[in-house]
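The values are calculated or read from the model by the stated rules, or taken from the named source; none is laboratory data. Predicted, not measured: the structure shown is a model, and the values here were computed from it. Cβ: placed from backbone, ideal geometry, glycine included. Neighbour counts: every protein chain shown.
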Amino acid sequence: MAKKVHSGLGKGLGALLKDAEPDFKEKIADIDIALIESNPFQPRKNFDDTGLDELAQSIKQYGVLQPVLLRKVGEKYQLIAGERRLKASKKADKKVIPAVIRNYDDKQTAQIALIENLQREDLNALEEATAYNNLLQECSITQSELAQYVGKSRSHVANFLRLLQLSDIVKEQINKGNLNMGQAKPLLSIENKNLQEQTALYIIANELSARDAEKLVKKIDNNKDYFIEDTKSVLPIKDIFINDAEDKLKMLFGNKVKIKTGKKAGKIEIEFLTESDLDRIVEILLQQKKSKINDNDNTQFFV
């Protein structure tokens, strides 16, 4: 009789691996690390170096407390679960690692690797999206069924899967940890890949929150004139914000405002018609300065 596999994810691992029955009694053995190959189905591509170093130090002192999971492939072994422990053991100069060996096929190996990472909740948004997509392909199940298996809502799964439609440059930024799910999701509404990438880089450079990223994308969606149809390119993303800043200043002063940029510096031109109009503008600036001093913060008057 198969051991029941416990999982905190919906129906869990057992529901997906109902045919995964080891051919022999499970036991732990020390396996030569040189004989272990990486798991080609591993969804996690990025490992924190600091975390690996800390784990390596722990392994040096206490050893590997939880065995990795392997399967036999020819004269060697293939890792199913436990990539961090294996990498850290190599860093700790260990020659062998405790392991449990099971007789799983490719499909079962992919399923275990994917769900093990989902259970740990340490995948970035794109890795999670890739894991969901791979599970759909490997298990031939629907998004609704997958949502039940992993204990998530169907909309959660669908939203993550949509991230795979982003441009390669944007996906690279997610993989690097520069964009999270909340920041990346709004970018899906920008069809032009060039503009999508510029917007992503702007979000990163200005450390915009997910909410601010949504506001930014709405501004871009509402300004279709930024597209240059002849060249299929777009104006630099900074132009959108220069125009936005000009609009804010126009509302503040009630006058025409022009912002000009240069390589080293820029300038703001405020149009006035009379001397009294100029006095009014100066008074507004002085009021803003007083307000800034009183608030004792770094907020600029036109933000």
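In the stretch 132-159, how many are among the β-branched types (Val, Ile, Thr), farther than 22 Å from Pro186 by Cα and surrounded by 15 or more Cβ atoms within 10 Å (Cβ to Cβ)?
Adding up the residues that qualify gives 2.
Identify all residues within the stretch 169-220 that are among the hydroxyl-bearing types (Ser, Thr, Tyr) and either modelled with pLDDT of 90 or more or buried (at least 20 other Cβ atoms within 10 Å of the Cβ) (or both); write none if there are none.
Passing the criteria: Ser189, Thr199, Ser209.
Do we have Leu166 as at pLDDT 90 or above, closer than 16 Å to Glu127 by Cβ and out of contact with any strand residue (DSSP E or B) (no Cβ under 6 Å at 6 or more places or on another chain) here?
Judged against the criteria, Leu166 is a match.
Looking at the stretch 58-100, which of its residues are closer than 12 Å to Ser38 by Cβ and among the acidic types (Asp, Glu)?
Glu83
Looking at the stretch 167-184 only, could you name the residues that are farther than 11 Å from Ala129 by Cβ and basic (Lys, Arg)?
Within the stretch 167-184, Lys176 is the sole residue that qualifies.
Please name all residue pairs, on different chains or six or more residues apart, with Cβ atoms under 9 Å, provided the first residue is in the stretch 34-50 and is within 12 Å of Ala81 (Cβ to Cβ) and the second residue is part of a loop (DSSP other than H, G, I, E, B) and modelled with pLDDT under 85.
Here the result reads Pro43/Leu123; Arg44/Asp122; Arg44/Leu123; Arg44/Asn124, each pair linking the stretch 34-50 to a residue that is part of a loop (DSSP other than H, G, I, E, B) and modelled with pLDDT under 85.
Quick one: count up the residues across the stretch 128-147 that are in contact with a Lys or Arg (Cβ under 7 Å, 6 or more places away or on another chain) and modelled with pLDDT under 85.
Matching residues across the stretch 128-147 total 1.
Residue under question is Ile284, and the condition is that it be within 30 Å of Glu172 (Cβ to Cβ), part of a helix (DSSP H, G or I) and at pLDDT below 90; does it hold?
No: the conditions fail for Ile284.
So the check is Cβ under 7 Å with 6+ separation or different chains; which pairs have a first residue in the stretch 62-81 that's outside the structural domain of Tyr104 (by TED's automatic domain parsing) and modelled with pLDDT of 90 or more and a second one that's surrounded by 12 or more Cβ atoms within 10 Å (Cβ to Cβ) and of a type in the set (Val, Ile, Thr)?
The qualifying pairs do not exist here.
What's the number of the condition Asp30 fails, among (1) more than 26 Å from Val170 (Cβ to Cβ); (2) surrounded by 14 or more Cβ atoms within 10 Å (Cβ to Cβ); (3) touching a residue at least 60 places away in the same chain (Cβ under 8 Å); (4) of a type outside the set (A, V, I, L, M, F, W, C)?
Unmet condition: (2).
State which residue is modelled with the lowest pLDDT when the search covers only the stretch 222-260 and only residues that are closer than 19 Å to Lys193 by Cβ, assigned to a helix (DSSP H, G or I) and of a type in the set (A, V, I, L, M).
Only one residue fits best here, namely Ile237.
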